[in-house]
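Quick notes on the structure that follows.
No lab work stands behind these numbers, since they all come straight from the coordinates. A quick note: this is a predicted structure, and the numbers were derived from the prediction, not measured. Cβ placement follows ideal geometry from the backbone for every residue including glycine, while neighbour counts extend to all protein chains displayed.
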């Protein structure tokens, strides 16, 4: 099984590289004008060409995208604040429901867009947009796979040449209102920050498509499952005198394997973050860093573990317990946050993880109930022994006439 998985992972990057090399390169020439610079965007086969005029701080640009449905839409826009969908001032191209011709309308994407509370309504942009237009690259009508140019000329603020831009495409338009786009990883990552003067981009090298899945699987298996299993082993098996000190070695082995796998998953997350700095998941990143730091503190604590006879042992145990439980809670919460980031909130992946975690919780509940039964039984036995010793002591005192 393991050799097959290794062959699969080794073959996927080669496939990714081949597909990437086959993608069309960007071009500075368009049917309307020729631009000075261009770049391929990392998702959806899109590209951007532009000319920046420093003397009047104007930017001429041409975005090239692709329709994924005859009734779909293609959009490009700017976000004045950050490379994110919310707050983007977008130009959206789609087929006019009345005439069938190509139509380009401006939209402002407020926070309610994600919730689809109401249809998206076109309204003028609050940007210094001097002109805009759209045209199909070679097709006479909108269809699946049809290429598109969106042209725009806008004025930038003096001495500010960095822009946050967002692009995407969707399947349907209801009347004159584009519906929500697909939520695959590439669609969610279609945003970046570039410097139009130096052509410096904050995209970073693209990572293989399997990288994100491997990151999620490793983190769910380590932070979200193995570390809670290690805590369960330590909490319940150490009460069994028949498995001492086996419980300790089992606990340490599970935790070490979980932390090592979690470190690999955490490192993959850092690599993906550097490859797409325009894409920021603040909560997911913060929880991941916190879980990794607490896990590292737990690993470091093993080096300073005092002996059982040391007077500081009880303080070390309290630290070990609280930090360990905190690490587990952070890891599990971040796994669920990761499902939302990957757009898998209602997927079978999340269902499978919930079933595995629920099974572990059920085992913990059963073991906790058993531990209380054993505790109460031992307390009762200890009470009987104490009463027996008291009665025996009274008999002895009576026998010697005290």
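For the range 209-389, what is Rg from Cα atoms divided by 2.2 N^0.38 Å, rounded to two decimals? Don't skip to the end; give the middle numbers.
On the way: Rg = 19.5 Å, N = 181, 2.2 N^0.38 = 15.9 Å.
After normalising by residue count via 2.2 N^0.38 Å, the value is 1.23.
Would you kindly state how much longer the chain becomes between residue 217 and residue 118 on full extension, computed as 0.36 nm times their sequence separation minus their alpha carbon distance, in nm to one decimal?
On the way: separation 99, 0.36 × 99 = 35.64 nm, distance 3.58 nm.
That works out to 32.1 nm of additional length.
Classify the range 101-169 from the C-alpha gyration tensor, please: rounded if a/c falls under 1.5, else prolate or oblate depending on whether a/b exceeds b/c. The shape class here is oblate. Per-residue extension of 0.36 nm, minus the Cα-Cα distance of residue 372 and residue 29, leaves a gain of 115.9 nm for this segment.
Multiply the residue separation of residue 270 and residue 137 by 0.36 nm, subtract the distance between their alpha-carbon atoms, and state the gained length in nm to one decimal. Separation in residues times 0.36 nm, less the Cα-Cα distance, equals 44.1 nm. The label point for residue 310 and the one for residue 263, both projected 7 Å from the Cα toward the Cβ, are 2.2 nm apart. With q set to 0.10, 0.15 Å⁻¹, the log10 of I(q)/I(0) for the range 23-195, from the Debye formula over equal scatterers at the Cα positions, is -0.34, -0.81. Cβ-Cβ distance of residue 360 and residue 110, R₀ of 41 Å, FRET efficiency by 1/(1 + (r/R0)^6): the value works out to about 0.50.
Separation of the range 327-372 from the range 128-191 is 39 Å, based on Cα centroids.
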